[in-house]
1. Please go through the range A:258-279 and give me each residue that is surrounded by 20 or more Cβ atoms within 10 Å (Cβ to Cβ) and more than 8 Å from every other protein chain (Cβ to nearest Cβ), ordered by number.
2. Assess whether residue A:123 counts as being surrounded by 18 or more Cβ atoms within 10 Å (Cβ to Cβ) and either more than 14 Å from every other protein chain (Cβ to nearest Cβ) or touching a strand residue (DSSP E or B) at 6+ places or on another chain (Cβ under 7 Å) (or both).
3. Scan the range A:80-88 and tell me whether some residue there is touching a residue at least 40 places away in the same chain (Cβ under 8 Å), within 19 Å of residue A:67 (Cα to Cα) and either more than 21 Å from the chain's Cα centre (by Cα) or facing chain B (nearest Cβ under 10 Å) (or both).
4. Restricting the search to the range A:90-110, which residues are more than 7 Å from chain B (Cβ to nearest Cβ) and at pLDDT below 90?
5. Is one or more of the residues making up the range B:229-238 crowded, with 22+ Cβ neighbours inside 10 Å, in contact (Cβ under 8 Å) with a residue 40 or more places away in the chain and either assigned to a helix (DSSP H, G or I) or within 14 Å of chain A (Cβ to nearest Cβ) (or both)?
6. Test residue A:238 against the stated conditions and say whether it is more than 12 Å from chain B (Cβ to nearest Cβ), closer than 30 Å to residue A:167 by Cβ, surrounded by 20 or more Cβ atoms within 10 Å (Cβ to Cβ) and at pLDDT below 90.
7. Can you pull out the residues in the range A:152-184 that are crowded, with 17+ Cβ neighbours inside 10 Å and more than 23 Å from residue A:204 (Cβ to Cβ)?
């Protein structure tokens, strides 16, 4: 039972990381109607900048403070230079151009930081464990990740439903021309939304830094999971991204943790582990297929 | 423009296209003797790679350029074709059975068994993936094909019985009666014949009634449906045909490098095949061949000067998207007779 709770927390932690990635990307997809493969690059940039600054200054918070604006600024620069010209083009062109961006950023990080992965330490004030459910010591850092993810979700919810800029974003999503005619600066709005998305991706990268190795191409493995989340949640829906991210995080983590035991009940052990590993690695895609069969537009189809 | 001027113009353009095609066809046919004359036998294996990727890219063009289905998971079919050859050869070498239930299937190292098997498996997989992903369109379709291909990638990574992450080495190339596939030049010509065969058949296919329906779906699927065509079935069949051709390309690549690994179906490979199609010009069948040649030659040349060639290639792709909409084939052949 304790193991189950611990794995649930792990699933939650993967889920909130995926949420940070997919919240920004689903907005870019839904509002600007542009398919952006390069979102993982901003995750990578966030992680690299944070790792470098943390190593130089010894302060994780300074690393975080440097990484977030870096990811947002690079994101807005990319939007102004490249993405903006792709809004009216076909999806194929958007795929091709953003694939080019991935190649560029991955190779650039190899040039700047070399091929060896960087490692980041968990900050000392978060390196302990807390026992907030009796009997289950859980790393404080992962608790902090879950907390940050949930806070961001709350922030996004309030921003979209209660603020003027949130209203403008929703207006721009439902009808670009009409919102523009009503005096909203659509160009600026798009750049800001894109910057917000890349900032969140950078935040996800910083938080994942101490857990994973920081290396070129690290953005792509999480990008595919992010796509699965967005397909499940429905393009353009932040609420869908939240539910989808938690679902994917849970299914993936619990599948890897418990499928081997499950298969051992009716298969010989040696065989069971192999089958379980295969099924566990495919579980989220099977989940996606099942949801697609019932709801081809995702769980929360946005109106776009 | 007068009628005769019009005719002359069409003839000139036709000539330009025929000239380009005949020239490149002749070059490909004469390449092995030319390479040995130039004392660069390495060129034969480079061009074999180009032919194989050209086949994969042309098969993607069938669904992308003609059907308007932007699949970012084409490497799945490419990889499964390679694995079909690898697994059959593995069991043949072990003299073990591939499966014992419900029927007994032994391994094989014969191209006549392994290559059709690769195409069949790839077509079946395309049937499964296509039937799910064709329920959607646009951005969903791109992401879903990508996700399913990645699923297959992780499946093979965790498949320890067949090498897992490390992949499988082939003991030797497949055997084909009357041809020595182990010989690089003969293998080159086998690839060339298969590519020409595919281009011929696909060229006939897109001009047929079936091809018209598929092209109609690209323009407006709703209209085709109103005309009474069951577009889902047409598109699915087209998707499976393209999958089978990509499976054949995978079987060839497994034979060329005598090694298969999950890396063959990694999503960046799907991206590269897509890049080849668009670089050459989609919706032209010959364009992707040109695109494959351009990509692999450019990679070869750029990597002589710098190991970081991708840092230049990435922005180049963006420039192609922004400024050269119709790809290299469009530039070569001119505006009028781009298609076909």
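1. Answer for the range A:258-279, where residues must be surrounded by 20 or more Cβ atoms within 10 Å (Cβ to Cβ) and more than 8 Å from every other protein chain (Cβ to nearest Cβ): A:259, A:263, A:276.
2. Spelling it out, residue A:123 is indeed surrounded by 18 or more Cβ atoms within 10 Å (Cβ to Cβ) and either more than 14 Å from every other protein chain (Cβ to nearest Cβ) or touching a strand residue (DSSP E or B) at 6+ places or on another chain (Cβ under 7 Å) (or both).
3. No, the conditions are met nowhere in the range A:80-88.
4. Within the range A:90-110, A:90 is the sole residue that qualifies.
5. The answer is yes; a qualifying residue exists.
6. For residue A:238, the condition - more than 12 Å from chain B (Cβ to nearest Cβ), closer than 30 Å to residue A:167 by Cβ, surrounded by 20 or more Cβ atoms within 10 Å (Cβ to Cβ) and at pLDDT below 90 - is met.
7. A:168, A:171, A:172, A:176, A:179, A:184
Residues checked against (1) under 24 Å from residue B:284 (Cα atoms); (2) part of a helix (DSSP H, G or I):
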| site | (1), (2) |
| --- | --- |
| B:181 | no, no |
| B:186 | no, yes |
| B:200 | yes, yes |
| B:215 | yes, yes |
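The values are calculated or read from the model by the stated rules, or taken from the named source; none is laboratory data. For clarity, every value in this text was computed on a predicted model and none was experimentally measured. So basically every Cβ, Gly included, is an ideal-geometry build from the backbone, and we count neighbours across all protein chains shown.
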